[in-house]
1. Only residues that are among the charged types (D, E, K, R) and open to solvent by 20 Å² or more (accessible area, probe 1.4 Å): list them for the range 464-492, please.
2. Among the residues of the range 317-350 satisfying the criterion of being outside any loop (DSSP other than H, G, I, E, B) and more than 28 Å from the chain's Cα centre (by Cα), which is modelled with the highest pLDDT?
3. For the range 186-201, which positions are of a type in the set (A, V, I, L, M) and either in a loop (DSSP other than H, G, I, E, B) or open to solvent by 30 Å² or more (accessible area, probe 1.4 Å) (or both)?
4. Which numbered condition in (1) among the polar types (S, T, N, Q); (2) open to solvent by 40 Å² or more (accessible area, probe 1.4 Å); (3) modelled with pLDDT of 95 or more is the only one that ASN74 fails?
5. So which pairs qualify, if the first residue must be in the range 353-368 and crowded, with 19+ Cβ neighbours inside 10 Å, the second must be basic (Lys, Arg), the Cβ gap must be under 7 Å, and the two must be at least 6 apart or on different chains?
6. Scan ARG537, ARG522 and give me the residue that is closer than 28 Å to GLN394 by Cβ and in contact with a Cys (Cβ under 7 Å, 6 or more places away or on another chain).
7. Just one of the numbered conditions (1) farther than 22 Å from THR585 by Cβ; (2) touching a residue at least 60 places away in the same chain (Cβ under 8 Å) is not true of VAL426; which one?
8. Select from the range 496-555 the residues that are within 29 Å of the chain's Cα centre (by Cα) and among the charged types (D, E, K, R) and write down the one among them that is most open to solvent (accessible area, probe 1.4 Å).
Amino acid sequence: RCLLKMVKGNIIVPEEILNFCCNGLQGSTSPPRAQEPGEREEAQGAMASPSPARNPTEVQMSQLVLPCHTNHRNELSTGQLLKWIDTAACLSAERHAGCPCVTASMDDIYFEHTISVGQVVNIKAKVNRAFNSSMEVGIQVSYEDLCSGKHCSICKAYATFVAQGPSGSKVRLKPLTPQTEEEKIEYSIAAERRRMRLVHKDTLKDLLTHSPPDTELETRDGTGAVPAEKTRVESVELVLPPHANHQGNTFGGQIMAWMENVATIAASRLCHAHPTLRAIEMFHFRGPSQVGDRLVLKAIVNNAFKNSMEVGVSAEAYGQEMSVSRRHINSAFMTFEVLDQEGRPRTLPMVAPEPGDGERRYREASARKKIRLDRKYVVSCKRTEVPLSVPWDQSNKVYLSYNNVSALKTLVAKTNWTLAREKEKVRMYTLEEDKFLSFRIEMSVCITANRAFSLLSNLRRRHEWDSHYVSAELVQKVDDDDMIYHVVSRMLRHESKPQDFVILASRRKPCSRGDPYVVAFRSVTLPTHPARAEFTRGETLCSGFCIWPESEEMSKVAYYNQATPGYLNYVTTNVAGLSSDICATFEACEKFLLKNKEDLISRLQD
């Protein structure tokens, strides 16, 4: 009671609350006064949240940028931002897993703006999809200016976390069920991003194998070039308890911050100025380190382009015993720019690589720059900004395939489809969005999903059921899942000559239970197949099949198409009911599937 009176002397405390608290302290068992119905409704209304239910894995973090978080320009240190990003992503992963999680990798990050002292960093992280023992966490970072109220996006990142049980054993994760349209899109595309991560190294190797020798490196006379050795940095850090996470391992965000620090020093040694970090290529954690470890951080400028430079950085760990070999913990590649007083990139000096490994890193940096540009152009652009046909080559084949499949999956996940026509078993839906008219046509067919997938993914047999196709020639087999075809279609009304297409067909089997079989199509450009005078070159932005098994013998087959201007009149005629051509084509598709199913059964019986 004395303490409560002291509180009451400084803060207005109602006498009823004071008496109730004192009675509770004295052990009173008298129940509080029962609320009247009107009071209960008023209290419930006051506690009700007007916002919709949030994803249970969503974590929101807001940090005020203080002077201790900034660099010499009073801008937020990228290393500090990486710490906050990793923390928020880890908390989101552990909400889903219900156990400790560790960072396995962080995808490429492109920083759009810098953040000044006094502004607020807002980070939102949530699990997009859970696989067996790993999960993808999507992170969105923005800043808020408290004085002007301005909000601006900083970056978007994807991190992979692994759930760990006792003694570091892997934990099998429960599946995640997406609820909103946005969550369904991210869930569906997460499987494609995972596939892209797994083949990332192979993409670089293929590009280096198929690229001509670097003539710039061979003809360089070295005049004015800075020896790469002069930019080399090596620093050691002792891992202390404040650097560890709640599991006793070195905090992944701390390792990334240390790596960013030495990379910045290496970049500064080349340009003799303060560089700005623009992009980070994938962080990949190869193993853990613990409190008491020594982390050796190394950085060197691999290559300098006109306005940017790539710095390679690695982290190795060892214990107290120097005789024990060092463990490779992490490696990454960071792209820096140097800005003038008006915020424009400055021209950078050239780099003279060391013979041997230095020349290899120099060439690899050039290959990575091309891959980054291709990836940013194909993957990161908004769908309305991507041209219909993108040139296909070895450097962007993975990202074109990703874009092809993810565009179709995004279309499939849309929820505002409208039923336009229904004819017997065939249903036709339309979607008007982002200045595009898309249509979906679906039906159930008595055939296994795997068999339907095999038949519909082979464009060379499309003419057997689709009267619009005259021929489809396999031009290039990229791999087992991606093929490029040259397609010739029949002449439509009011056309003077037939159309031809160069189409990338990407096929995917289900990643987990509930996923459909996917066959995606999009136009690409090949130098071996330019436009020819006898054809009108047509293009398709996004189309393809999704096949869901409904039972052991039944499948739902759906065809999607985002109508391009040259195809629009044909689509609207069918949607308006002035033609049944699309429905008739799909009925012919059903007959084709059933006929080939029976042929397969006959061959098996023979």
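1. Once the filter is applied, which keeps residues that are among the charged types (D, E, K, R) and open to solvent by 20 Å² or more (accessible area, probe 1.4 Å), the range 464-492 yields GLU464, GLU473, LYS477, ASP479, ASP480, ASP481, ARG490.
2. ALA317
3. MET196, LEU198, VAL199
4. Exception for ASN74: condition (3).
5. Partner pairs satisfying both residue conditions: PRO353/ARG361.
6. It is ARG522.
7. Against the list (1) farther than 22 Å from THR585 by Cβ; (2) touching a residue at least 60 places away in the same chain (Cβ under 8 Å), VAL426 comes up short only on (1).
8. Per the criteria, the residue is ARG513.
The values are calculated or read from the model by the stated rules, or taken from the named source; none is laboratory data. Computed from a predicted structure; not experimentally measured. All Cβ positions, glycine included, derive from the backbone under ideal geometry; neighbour counts span all protein chains shown. Calculation scope for accessible area: heavy atoms of the full protein, side chains included, ligands and nucleic acids excluded. Shrake-Rupley method; radii C 1.70, N 1.55, O 1.52, S 1.80 Å.
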